[in-house]
Amino acid sequence: MSANFKAAWPMNLHGPAGSLEVKLADVDNGVDVPNPERYYSAEYMKKEWQHLWPRVWLLAGVTPDIPEHGDYTVFNIGHEEFVVVRQADGGIKAFYNVCPHRANRVCMNERGSVERFTCAFHGWKFGCDGKLESVTDEATYHPSLLANRPGLTEVRCDSIGGLIFINIDGKAPPLREWIGLPKGYIENYEIDKMHVVRHVRSEWLANWKTGLDAFYETYHLPHIHPQTQGVMEDFSQYDLYPNGFSRMIVPIGVKSHRLKDQDSVDPYQQYMMKEAGIDPATFTGSASDVREAIQKAKRQRGKRFGLANYEKMTDGQLTDSWATGYFPNVQIGMHPEGVFIMRFLPHPTDPERFFYDNMTMFRYVADPGYTVPGWMGLPEGMDTTGATRPDIEHVPAGVKPNLGEVLDQDVELVAAVQKGQRSAGFRGPLWCEQEQRLRHFHRELDRYINGEK
């Protein structure tokens, strides 16, 4: 039975031929209803640690966080921790953050810069290349114990377009082959020229997949986030790529088709026009003209500020959110001014908790006419120049992460969904075509869990 029933919903933004905006052909992932135990079973969580996490490429950081030799950032996933460090030749290496002597963490900070790593327990020293440099009182060791000069254990590491990935078991295909996105898709945004201006890691009372599912569709927007209807269309263009990758292009600057009034310019649209340098008081068009007007204004702004990445983008990219899923646990809201990186990180032991890790990145321009977009939801007074890298804000479970009204609403929603998935009255998710990204993700997940990959 075909899973592509679109009698009432054929969303296509009709991107120009040859552009990255073009709607892809449909993918038939079937209509199976998965067992909901995947959202709460400890046994299923164990299978993920055996068959998924070691075998895929995991987003471990961004290159602007480690610009110089010796700069490092720490990446946590479940019970494992890794240190990613810039090398003297400009390359990047990644290691387990554990001393081979007695298993102490070599790096105690979430990021920093060093000439070498020194274990605080007994003073063993390691180069930024992971090699053992010195052992305290080495003469007291039997020579056989140190014969192979045990250094930090390295894991495979590669980067693309400013994003750093690691592969734990070293057996994944090359990164550029494994990423299912077209050539230039990531690079055109020039993330390597952006800076992290806010980083929040909050603990949510749900499975990591429950969280990811909630962000993989816009079907829920008019019901959970009705305030978005004045500036965002909740019918999105969905595209499914190889290896579990996917995206949804969310039209921004337009009203939802569900609103009766399609002519009056909404206050949110007026705000977006101001951000693009348009005076709403002089705007003579209707609400349906706002998106195109913003695109033209941004195109001109890109030329004025010498932003080469604007020239590489379609008009739609200048306004819309290209919410892109990087299998298995990342979604990036991609915009020309910046990106919003979401990582859904599993809890070390509890399948019904996860960490929602957000990095907001902004491309700074030293001109008052170039402002921080409102969608970033940055608190007042935050440094957006890139001169300082903010510390991670850690938010415990049960506390809203203060990431804006919409995301705070999602915290409550996701926790309620998690509880419901344990009910005897729930037999598994019934996904419609507006939720095709969820089916695409879970089908790829099944391939790993079932040993098909």
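Structure data summary
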item	result
On Cα atoms only, tilt of 436-449 relative to the major axis of the chain in degrees	20
LEU430/GLN300 FRET efficiency (R0 51 Å; Cβ-Cβ; nearest 0.05)	0.65
Burial ordering of MET382, MET45, MET11, fewest other beta-carbon atoms within 10 Å first	MET382, MET11, MET45
Label-point gap, in nm, between ASP89 and GLU133 - each point 7 angstrom along Cα→Cβ	1.9
Additional length obtainable on full extension of the chain from GLU393 to LEU24, 0.36 nm per residue less Cα span	129.0 nm
Proxy reagent accessibility, fewest Cβ within 10 Å first, across GLU444, GLU37, GLU217	GLU37, GLU217, GLU444
Mean-position separation - Cα centroids, the range 67-139 and the range 12-56, in angstrom	34
Solution diffusion estimate, µm²/s, Stokes-Einstein, the range 72-127, Kirkwood Rh from C-alpha pairs, 20 °C, viscosity 1.002 mPa s	185
Principal axis dimensions, the range 254-400 - Cα atoms, whole angstrom, descending	57, 42, 30
The range 100-199 - percent relative contact order, Cα under 8 Å, separation 6 or more	17
Fraction of beta bridges assigned by DSSP in the chain that are antiparallel (%, nearest 5)	95
Solution diffusion estimate, µm²/s, Stokes-Einstein, the range 57-171, Kirkwood Rh from C-alpha pairs, 10 °C, viscosity 1.306 mPa s	110
The range 339-453: projected area of the alpha-carbon convex hull, averaged over directions, in nm²	11.1
Hydrodynamic radius of the chain per Kirkwood, over alpha carbon pairs, in Å	23.6
Cα-based Rg and Dmax for the range 306-373, where Dmax is the largest Cα-Cα distance (Å)	15.5, 49
Where no second cysteine Cβ lies under 4.7 Å, the cysteines concerned in the chain	CYS107, CYS128, CYS157, CYS432
Label-point separation, GLN227 to ARG149 (7 Å along Cα→Cβ), nm	5.9
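Where a number appears in this text, it was derived from the coordinates with a stated rule and is not lab data. Given the structure is predicted, the values throughout are model-derived calculations rather than measurements. Using ideal geometry, Cβ is built from the backbone for each residue, glycine included, and neighbour counts are taken over all protein chains shown.
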